Each structure stands twice: as C-alpha cells, then as structure tokens.
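This report refers to the structure that appears directly beneath it.
The values are calculated or read from the model by the stated rules, or taken from the named source; none is laboratory data. Quick caveat, the model's predicted, so the values are computed rather than measured. Here the Cβ positions follow ideal geometry from the backbone for every residue, glycine too, while neighbour counts run over all protein chains shown. Ligands, DNA and RNA are stripped out before the accessible areas are found, and what is left, the full protein with its side chains, is counted by its heavy atoms. Shrake-Rupley method; radii C 1.70, N 1.55, O 1.52, S 1.80 Å.
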Amino acid sequence: ATVPAPTGGSLVKRAQHALDRGQAGAAIGLAQQATAQNPADAEAWLTLGGAYEMAGNHGAAMRAFRSCVAKAQGARVSECKALLGE
C-alpha cells in the first residue's frame, strides 16, 4: 500500500494526524495555517490548542481557546469555552 502524501486532506485533518503521531510542532504549524485561513473554524482552534497543550505550552493553548470563543462559530465553540473553564 502506498502512503498518501502529507499534502492530502485539509490543514485541520493534517494537524490532527500530526497530533495522533505525537508531532506537536508539525500540528501547531498546520493548525496555525488553518486558523489563519479560516478563523471561524472552531475545530482548527481546538486542534491548535490541543497541539500547544501537547507541546507543554499551556498559555498558548489558552490563547488559542480564547481566540476560538472570540472568532469561531458553530457548535464546537462550546468546547473551547469548556476548556477555558468558562
């Protein structure tokens, strides 16, 4: 079986795959691109926050979740609020 090139799939999906593999740095880079392209995507902000948490950067994770609450739309924004403890 051939391994798909890492360019396949959305930035968020690629960031999530990087997280699954424990590649926090790669996940942060991809998720940052995703949030820049689509600030209204709560999933992108959640992924970015999760990547920062994996990297041990709690402050940056909290900023990502706050940005999610401020900028994103949709049902998953409530997850960002929950992660902020709000």
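Heavy-atom accessible surface of the chain, averaged per residue, reaches 57 Å², computed with a 1.4 Å probe. Counting only alpha carbon atoms, the long axis of helix 24-37 and the longest principal axis of the chain meet at about 70°. For Lys13, what is the net charge nearby, where nearby means another residue's Cβ is under 12 Å from its Cβ and Lys, Arg count +1, Asp, Glu -1? Taking every Cβ under 12 Å from that of Lys13, the sum is -2. Taking a spot 7 Å from the Cα of Ala70 along the direction of its beta carbon, which residues of the range 11-53 have an amide N less than 18 Å from it? Answer for this model: 32-50, 52. Centroid-to-centroid, using Cα positions, the range 53-86 and the range 12-45 are 13 Å apart. Taking the accessible area of the chain, probe 1.4 Å, and keeping the other protein chains in place, the carbon and sulfur fraction comes to 54%. Based on DSSP H segments of at least four residues, each scored -39500 (n - 2.57), the chain has a per-residue ellipticity at 222 nm of -21000 deg cm²/dmol.
Return one number: the angle in degrees, 0 to 90 and rounded to the nearest 10, between the long axis of the Cα atoms of helix 42-54 and the longest principal axis of the Cα atoms of the chain. Between the helix axis and the principal axis of the chain, the angle is about 80 degrees. Charge dipole (Cα centre; +1 on Lys/Arg Cβ, -1 on Asp/Glu Cβ; no other charges) of the chain amounts to roughly 120 debye. For Cys80, the shell of other residues with beta-carbons less than 12 Å away shows a net charge of +1, using +1 for Lys and Arg and -1 for Asp and Glu.
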